[in-house]
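Working notes, beginning with the structure itself.
The values are calculated or read from the model by the stated rules, or taken from the named source; none is laboratory data. Not measured: the values here are computed from a predicted model. All Cβ positions, even for glycine, are placed from backbone atoms using ideal geometry, and neighbour counts span all protein chains on display. SASA here: full protein model, heavy atoms, side chains in, ligands and nucleic acids out. Shrake-Rupley method; radii C 1.70, N 1.55, O 1.52, S 1.80 Å.
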Amino acid sequence: MASSITSKPFLGATKPNSSLSPDLQRLSFSSLRISIKPRTHKKLQIQAAGSTFGNYFRVTTFGESHGGGVGCIVDGCPPRIPLSEADLQGDLDRRRPGQSRITTPRKETDTCRIYSGVSEGVTTGTPIHVLVPNTDQRGHDYKEMSIAYRPSHADATYDMKYGVRAVQGGGRSSARETIGRVASGAIAKKILKLFSGTEVLAYVSQVHQVVLPDGSVDHDTVTLDQIESNIVRCPNPDYAEKMIAAIDAVRTRGNSIGGVVTCIVRNAPRGLGSPVFDKLEAELAKAVMSLPATKGFEFGSGFAGTLLTGSEHNDEFYTDEHGRIRTRTNRSGGIQGGISNGEIINMRVAFKPTATIGKKQHTVTREKEEIELLARGRHDPCVVPRGISLDDSFPSFTFFRRLVSIHFPFATAIFEGN
């Protein structure tokens, strides 16, 4: 039922004024009546979002763990860059499941196909569509999860937010979503190498309580071959064996452990990043912390820097033999004031133990009944050996986005051959 409000006469008039128009005369002498419809509360509509990252170099990932396939669409890639499936496949193979005894036993070849954006071996400047089919799905492994929530998974929060979720494999919360990030990161890494000689590498620096000592890896000289020389992807052979033994020990008991991945960026141009909210380390933190299972991020001296005094922590400047301003130490991690300074950028990302384990755990059903759940499916006993492919791919297009945003006219001239 409509309601009405009657106001007092306004415009200060009590009788007709011939100087006013007829419309204004009626307005000035009439009581104002406003009809108000009853307020109806619309049901809050939740919009699914968050699958696109970037501005100049935009990446949208799609697909689910047990659907038809996963992949990405990359928009903003410059034209005439040599590109083929082989450029992407190497990084996808490093992420691929079933590659060793310390990873998930799920068998996928993760063979990628490029369906658009590339013609006769070069990019066309149009969106690049990359698809990786799923071939080893086992949806029946997740029957119990349709009614009960797995501890420390996204099952409960997805239900709370959307009221629906893809049960098999966790849907979009599955780490299989990261295939699109690896594929797009491989494209960004290639462009960074061509444009500025920038190289992004990552290696495992900790598995559970096995910690690689500081300084045991030379960030100036470490190579991808050294990192790839063992199944845990730690460039120090002695510590690699200890890490593998730690993973084997929990794997055979149906349990899991976490670890730390260190990522370095060599030959990063100076001037990437902007104050105040677009600081380079802030953008990198957002990029890597959006990866599944991440629980911590630090760059440079990180939390250990809190144990130092200012005189111990400061990076003093000097001029090298080529006349360039450098720092004698690199506790800043290659970023000062949110802007890259030309030194090696280094960061560390902490990954939690894999949530799905082969042990019964207490949980509740969607009807709030408390039960014990033994989660099924195939999962990594430790995610960090495969996580390095994410930590050197996903930051790559963060760097490329910042590079293009700062040097866009110059970059465009180079890419267009002017």
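Checking the stated criteria, ALA202 turns out to be crowded, with 18+ Cβ neighbours inside 10 Å and within 30 Å of PRO151 (Cα to Cα).
The residue that is modelled with the lowest pLDDT, among those in segment 35-62 that are outside any loop (DSSP other than H, G, I, E, B) and open to solvent by 50 Å² or more (accessible area, probe 1.4 Å), is SER35.
Among the conditions (1) open to solvent by 40 Å² or more (accessible area, probe 1.4 Å); (2) in contact (Cβ under 8 Å) with a residue 40 or more places away in the chain, the only one that ALA350 does not satisfy is (1).
Within segment 207-224, restricting attention to residues that are touching a residue at least 60 places away in the same chain (Cβ under 8 Å) and under 20 Å from LYS295 (Cα atoms), the residue that is surrounded by the fewest Cβ atoms within 10 Å (Cβ to Cβ) is HIS208. Scan segment 77-90 for residues that are open to solvent by 20 Å² or more (accessible area, probe 1.4 Å) and either in contact with a helix residue (DSSP H, G or I) (Cβ under 8 Å, 6 or more places away or on another chain) or in contact (Cβ under 8 Å) with a residue 24 or more places away in the chain (or both) and jot them down. Of everything in segment 77-90, those that are open to solvent by 20 Å² or more (accessible area, probe 1.4 Å) and either in contact with a helix residue (DSSP H, G or I) (Cβ under 8 Å, 6 or more places away or on another chain) or in contact (Cβ under 8 Å) with a residue 24 or more places away in the chain (or both) turn out to be PRO79, ARG80, PRO82, SER84, GLU85, ASP87, GLY90. Going by what's in this entry, would LYS190 be described as of a type outside the set (Asp, Glu), open to solvent by 10 Å² or more (accessible area, probe 1.4 Å), within 30 Å of PHE57 (Cβ to Cβ) and part of a helix (DSSP H, G or I)? Spelling it out, LYS190 is indeed of a type outside the set (Asp, Glu), open to solvent by 10 Å² or more (accessible area, probe 1.4 Å), within 30 Å of PHE57 (Cβ to Cβ) and part of a helix (DSSP H, G or I). Among the residues of segment 232-239, are any modelled with pLDDT of 95 or more, surrounded by fewer than 19 Cβ atoms within 10 Å (Cβ to Cβ) and not acidic (Asp, Glu)? Scanning segment 232-239 turns up at least one residue that is modelled with pLDDT of 95 or more, surrounded by fewer than 19 Cβ atoms within 10 Å (Cβ to Cβ) and not acidic (Asp, Glu).
Within segment 255-262, is there a residue that is open to solvent by 40 Å² or more (accessible area, probe 1.4 Å) and more than 24 Å from THR223 (Cβ to Cβ)? Talk me through it step by step, then tell me what you get.
Looking only at segment 255-262, we keep the residues that are open to solvent by 40 Å² or more (accessible area, probe 1.4 Å), and these are 255.
Next, only the ones that are more than 24 Å from THR223 (Cβ to Cβ) stay: 255.
Yes, the conditions are met somewhere in segment 255-262.
Here GLY98 does not qualify as over 30 Å from ASN255 (Cβ atoms) and not hydroxyl-bearing (Ser, Thr, Tyr).
The number of residues in segment 94-117 being under 17 Å from GLU177 (Cα atoms) and open to solvent by 60 Å² or more (accessible area, probe 1.4 Å) comes to 5.
I want to confirm something. Restricting to segment 299-313 and keeping residues that are touching a strand residue (DSSP E or B) at 6+ places or on another chain (Cβ under 8 Å) and outside any strand (DSSP E or B), which single residue is most open to solvent (accessible area, probe 1.4 Å)? Checking each candidate, the answer is GLY302. Among the residues of segment 314-333, is any closer than 30 Å to SER173 by Cα, in a strand (DSSP E or B), among the polar types (S, T, N, Q) and open to solvent by less than 80 Å² (accessible area, probe 1.4 Å)? No, the conditions are met nowhere in segment 314-333. Based on this model, can you work out whether ASP248 counts as acidic (Asp, Glu) and open to solvent by 60 Å² or more (accessible area, probe 1.4 Å)? So ASP248 does not fit the description; no. Would you pick out the residues in segment 334-347 that are open to solvent by less than 50 Å² (accessible area, probe 1.4 Å) and farther than 21 Å from ASP218 by Cα? Residue satisfying the conditions is GLY338 alone. Has segment 289-296 got any residue that is under 13 Å from ILE345 (Cβ atoms) and under 20 Å from the mean Cα position of the chain (by Cα)? The answer is no, given that none of the residues of segment 289-296 is under 13 Å from ILE345 (Cβ atoms) and under 20 Å from the mean Cα position of the chain (by Cα).
Taking segment 138-184 as the range and being basic (Lys, Arg) and either modelled with pLDDT under 85 or surrounded by 19 or more Cβ atoms within 10 Å (Cβ to Cβ) (or both) as the test, the residues that pass are ARG138, LYS143, ARG150, ARG165, ARG172, ARG176, ARG181.
Residues that are assigned to a loop (DSSP other than H, G, I, E, B) and over 17 Å from THR157 (Cβ atoms) were ranked within segment 360-376; the one that is least open to solvent (accessible area, probe 1.4 Å) is LEU374.
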